């Protein structure tokens, strides 16, 4: 039987778990009898969005980020572009879906409309490459057909 939870119920349970733990819960903390983290992802775009809505501190890993309750976004487009450029320099190539990034690729897609748009906004690909960029191998930057021939 699938339960459909309201935002109010999910927030109440999240706050209750925080009181029980004496800290902000992580996704791993949300076990029965509490709604699983999957239920939160059905309602919220991210775990952090649920934490913010519940008025809880973000977990240590993300504590440097700004809180939406203060009318500021967790990641601004400018900050995300800066992160992409730095990651590109670190890797010596353009970041790809498979790179472990923070913010995650889904956050870039939500903010920019697509991963390729984010790469374009960061100046990592040309406008003409936005549609065709998917044909490139993420680590070599060569077209997949050319890459496979090696």
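The values are calculated or read from the model by the stated rules, or taken from the named source; none is laboratory data. Computed from a prediction, not measured in an experiment: that's the story for all the values here. Here Cβ is always computed from backbone atoms with ideal geometry, including for glycine, and neighbour counts include all displayed protein chains.
Numbers for the structure displayed
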{"read-out": "Condition met for residue 134 (assigned to a loop (DSSP other than H, G, I, E, B), loosely packed, with under 14 Cβ neighbours inside 10 Å and at pLDDT below 85)", "value": "no"}
{"read-out": "Residue satisfying condition, being more than 17 Å from residue 14 (Cβ to Cβ) and modelled with pLDDT of 80 or more, within set 140, 88", "value": "88"}
